[in-house]
Amino acid sequence: MANIVGEQPGTGSGAAAGQATGGATLVSWALRLLGVGPLLILILLAAVIGLLTPDFLKPGNLGNIVAQTAVIAIVAVGQHLVILTRGIDLSVGANLALATVIGGLVFRQVDSALLVMLAMILSGAAVGAVNGIAYVFGRLPHPFIITLATLSICRGLALEFAVGHTTMRGMPEAIAAIGGSSTIGIPNSFFVVLGVALLALVMTKAMVWGRWIYAVGGQPEAAVQMGIPVKGVLISTYIISGLCAGIGAVVLAGRTEASSPLYGNLLELDTIAAVIIGGASFLGGRGHIGHALVGAVMIGVIRNALNLLGVDVFFQMIAIGLIIVAAVEADVLRNRLEASARVMQAARAQ
Amino acid sequence: MSASAAKPVLAVRHAEKRFGAVHALKGIDLEAHRGEVLALLGDNGAGKSTLVKCISGVHALDQGEILLDGDAVSIHSPAAARRAGIETVYQDLALFDNLTPAQNFYCGREIAFPAWLPQGLRLLSGRAMDREAAAVLDRLKVKLPKFDAPVALMSGGQRQAIAVARATVFARKVVILDEPTAALGVRESRKVLDLIGQLRAEGNAVILITHNMEHVIELADRAIVLRQGRKVGELRPTRANQQELVSLIVGAEG
């Protein structure tokens with residue numbers, strides 16, 4: 001075994017060393033298992049459901065799942081960045097609704113896919129910017145409060161702008177194609193998810209900015225001491241989260257060929273659940289884009305399967321709630337395992 | 001020491017700092033030279049931490065000035081202090097538990113490209129940072145169980161060693177260590193003391209805050225004692241004047 005700096009006197013016997021090494025191996029394996037756990041569970045889940053209802057694995061149904069999950073997945077990518085910094089964005093659902101309404105209003109004036117899309121995405125990003133700036137410069141204790149406020153404000157604005165309509169029909173053809181059509185049998189929304197996820201992956205893993213997001217989430221005080229622009233990093237994550245809500249609005253409005261102030265209801269819970277179920281830490285600083293995607297797909301798969309099996313919709317909500325509890329418990333377990341790994345490092349003989 | 005004859009790399013002149021009604025620093029002077037370990041001693045509340053935080057850019061002085069190599073500098077943020085060549089190892093280490101040792105080393109000043117982009121938008125050179133960090137750890141004889149694991153998985157001594165080693169990567173003038181051995185066992189402390197010796201050997205001015213008189217006598221070339229925001233003594237710590245040193249700290253001159 002490798003030498004270590006730290007060792008306490010009096011634990012130098014070979015037996016103790018062997019025991020500690022064995023324990024450390026066990027702990028590191030357990031940690032690794034927790035890391036890939038959600039993906040394994042998803043695969044297992046799909047296999048079991050496939051056996052129970054053969055309809056599940058049919059291409060048409062899988063396409064359904066993708067189409068239904070796409071919005072959750074896109075918005076969950078943004079939510080994931082916010083959660084990485086120990087934050088939370090409760091406004092994403094209402095933000096998305098407002099974006100579709102604004103897109104719908106623009107569509108009434110001009111039949112331009114580009115302008116409608118731009119309006120929705122900018123609306124989403126603007127709400128995100130308000131969240132981030134108010135949180136950072138308002139010195140609010142937690143983003144919970146400001147995003148709860150913008151949740152209410154956005155929903156209200158969306159209802160106001162929609163002037164009494166619950167839905168406004170119609171979307172430009174290109175947007176309808178993004179949300180509703182398929183290319184070589186794969187729903188176009190899948191490619192949108194792929195694009196958003198790839199961009200987010202490059203930013204979080206290959207760019208300095210992404211490293212700073214992890215640093216701010218890992219140890220905010222240390223990030224200040226190391227000269228990282230913490231305020232800018234925080235604000236950027238809320239802007240990106242809003243941007244993702246705007247992109248989600250394009251996909252949803254495209255799929256339904258409509259906009260509605262009632263869209264995105266409880267989307268904030270779905271996206272937070274997706275991030276946590278996927279295996280990112282609620283305590284910040286840990287997780288990657290894959291976690292958000294796995295979590296989103298898992299929610300989609302469970303809903304779809306319970307539908308196919310004819311299970312009551314209320315039970316679906318209960319099931320997803322239970323899974324969230326299990327996922328948070330796994331996060332707690334990981335922290336405890338890491339603590340015990342630390343103790344073993346200190347105790348291990350040279 | 002011949003160093004004391006040379007120009008000090010860091011000089012603090014008439015440092016004054018108030019926090020509301022509390023007069024934390026009352027006109028303190030301090031000089032630190034290359035290749036020496038300067039111990040900063042004093043009881044809790046004597047002003048050591050405040051002084052150090054003013055030097056490392058966490059607080060700003062109300063009055064007085066800080067000179068680096070003879071030039072007055074304004075250090076208004078930790079980042080500015082770093083750019084000026086002052087590295088600080090804080091008591092809480094300021095490590096990122098979720099990052100690996102190499103990522104910790106370079107956090108906030110990543111090796112990245114292309115140079116024409118602003119730092120935040122550049123792409124990380126992960127390999128270069130891994131290689132450099134490994135070389136530094138090797139040079140300082142710091143051994144870690146796993147180089148690619150987050151530091152959350154490492155022991156107190158290993159984490160302390162990583163924090164000190166990180167300071168050595170970037171220190172060009174002054175390294176400040178705030179209670180570096182307070183949380184460590186005997187053997188882990190020994191390793192950190194060796195590291196401090198190495199920092200001095202590489203030509204840094206090391207400012208060491210500690211309550212451990214053994215460490216002061218062993219390592220420090222000079223000691224400055226603060227009490228109630230004033231400098232009350234400055235001497236070369238030896239076993240013979242240990243008692244005098246302690247009296248200065250607690251304020252019971254005999």
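The values are calculated or read from the model by the stated rules, or taken from the named source; none is laboratory data. Remember, it's a predicted structure, so these values are computed and weren't measured experimentally. Glycine gets a Cβ as well: all are built from the backbone with ideal geometry, and neighbour counts include every protein chain shown.
For segment A:93-146, how many residues meet the condition of being farther than 20 Å from A:Ala158 by Cα and not in a helix (DSSP H, G or I)?
7
Does segment B:175-183 contain any residue that is away from chain A (no Cβ under 14 Å), surrounded by fewer than 23 Cβ atoms within 10 Å (Cβ to Cβ) and over 15 Å from B:Val37 (Cα atoms)?
yes
Quick one: what pairs do we get from segment B:233-253, first residue in contact (Cβ under 8 Å) with a residue 60 or more places away in the chain, second in a loop (DSSP other than H, G, I, E, B) and among the hydroxyl-bearing types (Ser, Thr, Tyr), C-beta under 6 Å, 6+ apart or different chains?
The qualifying pairs do not exist here.
Considering only residues that are surrounded by fewer than 16 Cβ atoms within 10 Å (Cβ to Cβ) and over 24 Å from A:Ser189 (Cα atoms), which ones fall in segment A:48-63?
A:Val48, A:Leu51, A:Leu52, A:Pro54
Only one residue in A:Thr166, A:Thr183 is farther than 30 Å from B:Ala152 by Cα and in contact with a Phe, Trp or Tyr (Cβ under 8 Å, 6 or more places away or on another chain). Which one? Explain how you work it out, then say what you get.
Values: A:Thr166 fails: in contact with a Phe, Trp or Tyr (Cβ under 8 Å, 6 or more places away or on another chain).
The unique qualifying residue is A:Thr183.
Do we find that A:Val202 is hydrophobic (A, V, I, L, M, F, W, C), over 15 Å from the mean Cα position of the chain (by Cα) and farther than 19 Å from A:Ser281 by Cβ in this structure?
Values: hydrophobic (A, V, I, L, M, F, W, C): yes; over 15 Å from the mean Cα position of the chain (by Cα): yes; farther than 19 Å from A:Ser281 by Cβ: yes.
Against the criterion (hydrophobic (A, V, I, L, M, F, W, C), over 15 Å from the mean Cα position of the chain (by Cα) and farther than 19 Å from A:Ser281 by Cβ), A:Val202 qualifies.
Inside segment A:147-260, counting only helices (runs of 4 or more DSSP H) that do not spill past its ends, which hold 3 or more residues that are within 13 Å of chain B (Cβ to nearest Cβ)? Steps first, answer last, please.
Numbers: elements: A:173-180, A:188-206, A:208-218, A:220-225, A:230-256.
The qualifying helices (runs of 4 or more DSSP H) are A:188-206, A:208-218, A:220-225, A:230-256.
Does segment A:291-305 include one or more residues that are free of Cβ contacts under 8 Å to residues at least 40 places away in the same chain, part of a helix (DSSP H, G or I), more than 15 Å from the chain's Cα centre (by Cα) and at negative phi?
No, that holds for no residue.
Sort out which residues of segment B:200-254 are modelled with pLDDT under 90, buried (at least 17 other Cβ atoms within 10 Å of the Cβ) and part of a strand (DSSP E or B), and write them in order of number.
Across segment B:200-254, the qualifying residue is only B:Gly233.
I need the full set of residues from segment A:264-285 which are touching a Leu at 6+ places or on another chain (Cβ under 8 Å) and farther than 16 Å from A:Leu322 by Cα, in order please.
If the condition is that a residue be touching a Leu at 6+ places or on another chain (Cβ under 8 Å) and farther than 16 Å from A:Leu322 by Cα, then A:Gly264, A:Leu267, A:Glu268, A:Ala280, A:Gly284, A:Gly285 are the ones that fit.
For A:Arg336, work out the one condition from (1) within 23 Å of A:Val71 (Cβ to Cβ); (2) of a type in the set (D, E, K, R); (3) within 14 Å of another protein chain (Cβ to nearest Cβ) it doesn't fulfil.
The one condition A:Arg336 does not meet is (1).
Which of the residues belonging to segment B:99-121 are among the aromatic types (Phe, Trp, Tyr) and either without any contact (Cβ under 8 Å) to a residue 12 or more places away in the chain or in contact with a helix residue (DSSP H, G or I) (Cβ under 7 Å, 6 or more places away or on another chain) (or both)?
B:Phe105, B:Tyr106, B:Trp116
Scan (1) touching a residue at least 40 places away in the same chain (Cβ under 8 Å); (2) buried (at least 19 other Cβ atoms within 10 Å of the Cβ); (3) within 30 Å of B:Ser247 (Cα to Cα); (4) within 14 Å of chain A (Cβ to nearest Cβ) for the single condition B:Leu30 breaks and write down its number.
All conditions pass for B:Leu30, except number (4).
Sort out which residues of segment A:223-251 are farther than 13 Å from A:Asn95 by Cα and in contact (Cβ under 8 Å) with a residue 60 or more places away in the chain, and write them in order of number.
A:Lys231, A:Val233, A:Leu234, A:Ile235, A:Ser236, A:Thr237, A:Val251
Just need a number here: residues in segment A:195-229 that are surrounded by fewer than 14 Cβ atoms within 10 Å (Cβ to Cβ) and within 30 Å of A:Asn61 (Cα to Cα).
Step one: list which residues in segment A:195-229 are surrounded by fewer than 14 Cβ atoms within 10 Å (Cβ to Cβ), which gives A:195, A:198-199, A:202, A:221.
Checking the rest, the ones that are also within 30 Å of A:Asn61 (Cα to Cα) come to A:195, A:198-199.
Qualifying residue count for the region: 3.
Across segment B:120-166, what is the total count of residues that are more than 8 Å from chain A (Cβ to nearest Cβ) and outside any loop (DSSP other than H, G, I, E, B)?
Residues that pass the stated criteria total 22.
Which of the residues that make up segment B:53-99 are among the β-branched types (Val, Ile, Thr), surrounded by fewer than 22 Cβ atoms within 10 Å (Cβ to Cβ) and within 12 Å of chain A (Cβ to nearest Cβ)? Outline the logic, then answer.
Let us first name the residues in segment B:53-99 that are among the β-branched types (Val, Ile, Thr), namely B:55, B:58, B:66, B:73, B:75, B:86, B:88-89.
Next, from what is left, pick out any that are surrounded by fewer than 22 Cβ atoms within 10 Å (Cβ to Cβ): B:58, B:73.
Matches in segment B:53-99: B:Val58 only.
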